[in-house]
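Shown next, in structure tokens, is the structure this report addresses.
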Amino acid sequence: DDEEEDEEGVAGSSFQIDGKLLPTSLVLLRIEDFRNLEKLSSKLFQNLASLEYLQIWGCPRLKSLPVQRLPPSIKKLLISGSRKLTRKCEKGKGKYWPHLAHIPDVQCY
């Protein structure tokens, strides 16, 4: 219906929030149900020195993650509902795996 299309249009294809706008003490960040989201800005993570849990759910068009910019403090990465990203994060063989291998708990499905 029209209302749903309007909502999706507002989301845009890129999440441009600057990490400086988020508290440095942030421990958990969940990005959920952005249907049109295709990429996350590396600036999102630049100031999140305490981030331990990153959860990305229900973003089916998301195809890239700034893995080289993820804070070393991350203990758990959960990605669900994003097939393109899930393949890149696959343990041992995904394109992003070398940048994620140090994270104790990586779950992508």
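Counting only residues at least eight positions apart within a chain, or on another chain, the lysines with an alpha carbon under 18 Å from that of residue 93 are 63, 84.
Rolled with a 1.4 Å probe across the full set of protein chains, the surface gives residue 24 an accessible area near 70 Å².
Remark: for residue pairs 20/95; 39/88; 20/91; 43/75, the C-alpha separation exceeds 25 Å in 20/95; 20/91. Sequence-ordered 3J(HN,Hα) estimates for segment 50-59 from the Karplus curve with 6.51, -1.76 and 1.60 and θ = phi - 60° stand at 9, 4, 10, 10, 10, 10, 10, 10, x, 10 Hz, glycine and proline given as x.
The values are calculated or read from the model by the stated rules, or taken from the named source; none is laboratory data. Only a predicted model underlies this, so the values are computations on that prediction, with no experimental measurement involved. Accessible surface is based on the protein model in full, side chains and every heavy atom, while ligands, DNA and RNA are left aside. Shrake-Rupley method; radii C 1.70, N 1.55, O 1.52, S 1.80 Å.
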